[in-house]
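A short write-up of the structure that comes next.
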Amino acid sequence: MAGIKLSSNAIKAIISGDLNAKPLVQVMEMRQIGRQERFRLLISDSIMTEQAMLATQLNERVKSGSIRNGSVIQLLEYICSSVQNRKIIVILNMETIMPECEIIGKPIMQVPDTSVGPKLLPGNYNKLISQNFRPVVQPSYQPPPSYKNQGAIMKNDAPARIIPISALNPYQGRWSIKARVTAKGDIRRYNNAKGDGKVFSFDLLDSDAGEIRVTCFNNVVDRFYHTLEVGRVYVISKGSIKPAQKNFNHLKNEWEVFLEATSSVDLCPDQDASIPHQQFAFRPISEIETAENNSILDVIGIVTGVNPSVPILRKNGMETQRRNINLKDQSGPSVELTLWGDFCNREGQKLHELIESGSNPVLAVKAGKVNDFSGKSVGTISSTQLFINLDCPETNNLIHWFEQGGKDTVAYSISREAMPGGSRNEIRKALSQIKDEGLGRSDKPDWITVKATVTFVKTDTLYYTACPVMIGDRQCNKKVTRSGNSTWQCDRCNQEFEECDYRYLLQVQVSDHSGLTWVTAFQETGEDLLGCSAKELNLLKEEDDPRFSEIIKTCLFKEFVLRLKVKEETYGEEQRVKITVVKAKRVNYAAESRYLLDLISKCRYIK
């Protein structure tokens, strides 16, 4: 705000008859007129000054202190009247831009002509304000010749000059920008104290590399959502310019445009070739390791692996898709990119087919979000854009590097198995470190990864009887008890049913080179350890099938990579550290060898 500029020569334009602009002026002096509820101002446009009066409906602004000497204000509605041969600007509506500011410029103080009429002193003003001010008929305002034939006609018959996006600010009354739509979000619906509504946003890029986000609400959504197309160039005029909401807006612009009912969006027939289709600021993968959590960045890399798409249940009960992709570049490490929702079956499936065909495509990610939950990874958000084999120098450099030996270089992963709460260099821990480091005793749980061998499984508490009733998209899973000889009862659902479900509640002893400990494994991880469902295992046990013992024995003395949640809990009056298995995978020795090579490579980079 220190570099704020007033609307030079605005006072001269107002006196000449231009009452449609929304100029920025500064209050040089403010006085109350006698005992009446009227206020006289001396305003400046940094070049000259002029007398003004506030309409009575604006008196509260003075009483609240939002208007005072030095304030920078924007005139929204006003008239110019002639009182005692002197022009007076009557301010009908205005907005305070800065409540207080040092004097801007060196305005010329206008001295009243004392030869005609009384002096404009407070006593005389008392008499003047009792008169009915009648706006004088101003001569019609003729726009300069340079305004002709340059676009849509604005309110004062003069088109708004097309300006760069970088020049936009809230203090402009009229403006137009010419830019290409680089991204367009979906319509989102919301509900708040004002009722239901809908909103969507789109991003613009102009020929000067300026970017800005534009947001539309409710009826404005209906006007423009189906009109706008990504990649097309438009001239956009009129709208409110407000501070960008950085929680939702990653563009490097402190302002954001909000379109209104009077806004216009016109397609440019020439589709200006000087405006690029997209703008990137690629970061090397090595820099992602030190990037802040939740930061937004662009990254480009060679795709070295694509995992299958899997369904994920969100916290709100809705199901979505997730697919993980591995990227590497010349900077050394590799990173995991997580695709969510439609990205999985669109770009994700195309990448999967390219990998299956033996190709290693280059993927450019625009506006990916950094996540530090599992080491450092990058995930897609609603405004993310993915480009496969983008035609740019970075793609060509990556392909050349990959073909000249980059394919065979070992890249340590900055995403693999690194857990919150620990250094990224401590990818795994030994079992003895759980006790030695006091893991799990803080307010939040600790997450660690260990490679351990299953040495014992308690067979008297393998599973429990669970409620099979579906509540929405989820199964109840509450423990049920016998109700008579043939039915089961759930106290939570208050229902009875003939058959119950069975869910794992395994107590397993695991050990590594440093010691041993007991862990608990629930349904999914129990199936990973034993290789069958709890219901199938119960059936074998009830039938005294010898396969029951074989399944238990098959699990023993096998090595697993276990992801553990360590948290202290209270049992009665005793506090214990509970260790829960949240993921279990049989050791893949080829993958384990690559992991060890990654560690060696990582040590070399650290050195």
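Just for the stretch 62-79: of the residues that are of a type in the set (A, V, I, L, M) and farther than 11 Å from residue 27 by Cα, which one is surrounded by the most Cβ atoms within 10 Å (Cβ to Cβ)? Going through the qualifying residues, I end up with 75. The set of residues in the stretch 10-59 being under 25 Å from residue 238 (Cβ atoms), part of a strand (DSSP E or B) and either without any contact (Cβ under 8 Å) to a residue 60 or more places away in the chain or touching a His at 6+ places or on another chain (Cβ under 9 Å) (or both) consists of 25 alone. Cβ-Cβ contacts under 7 Å between residues 6 or more apart (or on different chains), taken from a first residue in the stretch 245-256 that is under 14 Å from residue 205 (Cα atoms) to a second residue that is of a type in the set (Asp, Glu) and surrounded by 14 or more Cβ atoms within 10 Å (Cβ to Cβ), are listed as 251/203; 251/211; 252/211; 253/211. Counting only residues that are open to solvent by 60 Å² or more (accessible area, probe 1.4 Å) and either of a type in the set (Lys, Arg) or modelled with pLDDT of 90 or more (or both), the stretch 447-461 holds 3 of them.
Has the stretch 556-570 got any residue that is assigned to a helix (DSSP H, G or I), open to solvent by 90 Å² or more (accessible area, probe 1.4 Å) and at pLDDT 90 or above? No, that holds for no residue. When residue 257 is tested against (1) among the hydrophobic types (A, V, I, L, M, F, W, C); (2) in a strand (DSSP E or B); (3) farther than 29 Å from residue 391 by Cβ; (4) touching an Asp or Glu at 6+ places or on another chain (Cβ under 9 Å), exactly one condition is not met: (4). Residue 240 falls short on exactly one of the conditions (1) among the polar types (S, T, N, Q); (2) under 22 Å from residue 369 (Cβ atoms); (3) more than 17 Å from the chain's Cα centre (by Cα), and that condition is (2). In this structure, is residue 56 closer than 30 Å to residue 242 by Cβ, modelled with pLDDT under 90 and in contact with a Ser or Thr (Cβ under 7 Å, 6 or more places away or on another chain)? So residue 56 does not fit the description; no. Would you pick out the residues in the stretch 336-347 that are open to solvent by less than 10 Å² (accessible area, probe 1.4 Å) and over 22 Å from residue 279 (Cα atoms)? Hit for the stretch 336-347 is 344, nothing else. Looking at the stretch 179-222, which of the residues that are among the basic types (Lys, Arg) and in contact (Cβ under 8 Å) with a residue 12 or more places away in the chain is least open to solvent (accessible area, probe 1.4 Å)? If we take residues in the stretch 179-222 being among the basic types (Lys, Arg) and in contact (Cβ under 8 Å) with a residue 12 or more places away in the chain, then 180 is least open to solvent (accessible area, probe 1.4 Å). Please indicate, with yes or no, whether at least one residue in the stretch 457-478 is under 39 Å from the mean Cα position of the chain (by Cα), assigned to a loop (DSSP other than H, G, I, E, B) and more than 30 Å from residue 551 (Cβ to Cβ). Yes, that holds for at least one residue.
Looking only at residues of the stretch 223-233 that are assigned to a loop (DSSP other than H, G, I, E, B) and at negative phi, we find that the one that is least open to solvent (accessible area, probe 1.4 Å) is 228.
When the stretch 82-112 is limited to residues that are in a strand (DSSP E or B) and at pLDDT below 75, the one that is least open to solvent (accessible area, probe 1.4 Å) turns out to be 83. Does the stretch 462-476 hold any residues that are open to solvent by less than 40 Å² (accessible area, probe 1.4 Å) and more than 30 Å from residue 430 (Cβ to Cβ), and which are they? Selection gives 465, 466, 467, 469, 476. Inside the stretch 281-297, residues that are crowded, with 19+ Cβ neighbours inside 10 Å and hydroxyl-bearing (Ser, Thr, Tyr) make up a count of 0. Among residues of the stretch 481-508 being in a loop (DSSP other than H, G, I, E, B) and touching a Cys at 6+ places or on another chain (Cβ under 8 Å), the one that is least open to solvent (accessible area, probe 1.4 Å) is 500.
Residues satisfying the criterion are absent from the stretch 278-290 (criterion: touching a helix residue (DSSP H, G or I) at 6+ places or on another chain (Cβ under 7 Å) and among the hydroxyl-bearing types (Ser, Thr, Tyr)). When residue 328 is tested against (1) at pLDDT below 90; (2) within 16 Å of residue 375 (Cβ to Cβ); (3) surrounded by 12 or more Cβ atoms within 10 Å (Cβ to Cβ); (4) not acidic (Asp, Glu), just one condition goes unmet, and that condition is (1).
Of the residues making up the stretch 433-446, those that are surrounded by fewer than 20 Cβ atoms within 10 Å (Cβ to Cβ) and either in a strand (DSSP E or B) or among the aromatic types (Phe, Trp, Tyr) (or both) number 0.
Could you tell me whether any residue of the stretch 298-314 is of a type in the set (Ser, Thr, Tyr), at pLDDT 90 or above and either part of a strand (DSSP E or B) or surrounded by fewer than 19 Cβ atoms within 10 Å (Cβ to Cβ) (or both)? Scanning the stretch 298-314 turns up at least one residue that is of a type in the set (Ser, Thr, Tyr), at pLDDT 90 or above and either part of a strand (DSSP E or B) or surrounded by fewer than 19 Cβ atoms within 10 Å (Cβ to Cβ) (or both).
For the stretch 12-46, the candidate set comprises residues that are among the β-branched types (Val, Ile, Thr) and modelled with pLDDT under 90; within that set, the residue that is nearest to residue 175 (Cα to Cα) is 14.
Contact annotation: residue pairs with Cβ atoms under 7 Å, 6 or more positions apart or on different chains, pairing a residue in the stretch 566-580 that is closer than 16 Å to residue 517 by Cβ and free of Cβ contacts under 8 Å to residues at least 12 places away in the same chain with a partner that is open to solvent by 90 Å² or more (accessible area, probe 1.4 Å) and basic (Lys, Arg), are 569/576. For the stretch 47-61, residues that are surrounded by 18 or more Cβ atoms within 10 Å (Cβ to Cβ), closer than 18 Å to residue 9 by Cα and among the aliphatic types (A, V, I, L, M) total 2. Taking strands (runs of 3 or more DSSP E) as the structural unit, those lying wholly within the stretch 348-403 and holding at least 1 residues that are surrounded by fewer than 19 Cβ atoms within 10 Å (Cβ to Cβ) and either touching a residue at least 40 places away in the same chain (Cβ under 8 Å) or among the polar types (S, T, N, Q) (or both) correspond to 362-371, 385-388.
The values are calculated or read from the model by the stated rules, or taken from the named source; none is laboratory data. These numbers were taken from a predicted model, which means no experiment stands behind them. Methodologically, a virtual Cβ is constructed for each residue, glycine included, from the backbone with ideal geometry; neighbour enumeration extends over all protein chains shown. Just the protein is used for accessible areas: all its heavy atoms, side chains included, with ligands, DNA and RNA removed. Shrake-Rupley method; radii C 1.70, N 1.55, O 1.52, S 1.80 Å.
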